[in-house]
Amino acid sequence: MNIYYVAVFGLIVTTFIWGITFELVSKSLEESTPFIFSSIRFLIAFFLTFITVLFRYKKINIKKGELISGSICGLFLFLGYSFQTTGLWEGLGDGIFFAPSNPNKSAFITGTSVLMVPLIMLVMGKANKNIHLWVSIFIVLAGLRILLAPNVENFTFGDLLTFGCSISFAIHIILQGKYVIKEFNIYNFFLVQTGIVTLLFAIASFFEYNFMDGYLNCTKTVLSGLVITGILATFIAILIMVWAQKIISPVQTAMIFTLEPVFAGLYNHFFTDYTLTNWGIFSGFIIVLGIIYHEYMINMKAK
């Protein structure tokens, strides 16, 4: 099988995992503050990555380039998850503005990274002038808008934080796409990333616990949330993403990631009380159509 399609499939698997765990994270944050939950989540991923590197190479031998690039990507990964989880946290308040985002609006705003990536690359002087790319982005964003239909009149502080998440994830995708094409060991690169994110969340958790009454209730929901997100949504999903970005461009990666709210919607439709409307099903079709259009035009150009 063509390695390119394996990488595309890998990113789809990553997006699927994130989609089906979105509601679980939201529920877990009802029983925990965001930084404490995230620090344990990434500690699990760091431990598993550390064991994997030792098992594979018998020792830890991280090069300077892997340390620097992994640290930079880790910083933006930390910022992305910090903004996203805090934006969903019920502790933000219950006023008109100082209130959390909701899962639907959060998923839509996070999905706008598909537009953030090419815009940031445009600012960096790395613009892609392919008209088919921008047509695909328009189709995907139209599908996202129909799928989630956020109420902009009730724009909240949680929504604002989630825009910070979208920008941070977009920068992370761009930088990681730049670094992984170098002769770096992806396991070492990922180990540094998870280590930096864990360290930053640990520091944030210290302040959250001591100055913001941080807590974590060891309920079944929280424990399952930590195990599932730590293993599946972080260790496995992000490691697949790191490998796939050696082959897939940052813009293509961002486009595939817009499938997250589609997978989330389908999962919620069949396994939770949040059922999809006919418009929801139609919008999911539009998003998939936009991605297929982009992939088809790329393959036509390659031929």
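The values are calculated or read from the model by the stated rules, or taken from the named source; none is laboratory data. This structure is a prediction, so every number in the text was calculated from the model and none was measured. All Cβ positions, even for glycine, are placed from backbone atoms using ideal geometry, and neighbour counts span all protein chains on display. Heavy atoms of the whole protein, side chains included, go into the accessibility calculation; ligands, DNA and RNA do not. Shrake-Rupley method; radii C 1.70, N 1.55, O 1.52, S 1.80 Å.
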Exercise. What spacing in nm lies between the two simple spin-label points modelled at Lys182 and Asn210, each 7 Å away from Cα in the Cβ direction?
Worked result: 3.5 nm
Exercise. Taking a ≥ b ≥ c as the square roots of the eigenvalues of the Cα gyration tensor of the range 190-262, is the shape rounded (a/c under 1.5), prolate (a/b larger than b/c) or oblate?
Worked result: prolate
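With a 1.4 Å probe and every protein chain left in place, work out the accessible area per residue of the chain in Å², rounded to a whole number. Let's see the in-between values first.
Details: 14690 Å² over 303 residues.
Accessible area per residue, the chain: 48 Å².
With the cut-off at 1.5 for a/c, could you classify the range 1-143 from its C-alpha gyration tensor as rounded, prolate or oblate? Please list the in-between numbers first.
Values: a/c = 1.71, a/b = 1.05, b/c = 1.63.
Taking the square roots of the gyration eigenvalues as a ≥ b ≥ c, the range 1-143 is oblate.
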For this session: Go through Ser39, Met241, Asn2 and say which Cα lies farthest out towards the positive end of the charge dipole of the chain; charges sit on Cβ, +1 for Lys and Arg, -1 for Asp and Glu.
Result: Asn2
Seminar exercise, completed: Ordering 227-236, 14-23 by per-residue average of other C-beta atoms within 10 angstrom, highest first, gives 14-23, 227-236
Exercise. If the cut-off is a Cα-Cα distance under 16 Å, which aspartates and glutamates reach Lys220, setting aside same-chain residues fewer than 8 apart in sequence?
Worked result: Glu23, Glu30, Glu31
Problem set entry | Dipole magnitude (debye, nearest 20) for the range 187-303, charges at Cβ of Lys, Arg, Asp, Glu | 460 debye
For this session: Filter the DSSP H helices in the chain by two things, a Kyte-Doolittle mean of at least -1.0 and an axial alpha-carbon span of 27 angstrom or more, and list the hits by number.
Result: 3-28, 34-57, 64-88, 157-179, 186-211, 278-302
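Quick one: dipole size for the range 19-87, taken about the Cα centre, charges +1 on Lys/Arg Cβ and -1 on Asp/Glu Cβ, in debye to the nearest 20.
On the way: 7 positive and 4 negative charges, 116 e Å.
Computed charge dipole of the range 19-87: roughly 560 debye.
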Problem set entry | Inter-probe distance in nm under a simple model that places probes 7 Å from Cα toward Cβ, at Ile281 and Lys126 | 4.1 nm
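Could you tell me whether the range 203-303 comes out rounded, prolate or oblate from its Cα gyration tensor? Rule is a ≥ b ≥ c as square roots of the eigenvalues, rounded for a/c under 1.5, then prolate if a/b exceeds b/c, otherwise oblate.
oblate
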Exercise. For the pair Tyr4 and Phe47, how long in nm is the line joining their label points, each one 7 Å along Cα→Cβ?
Worked result: 4.1 nm
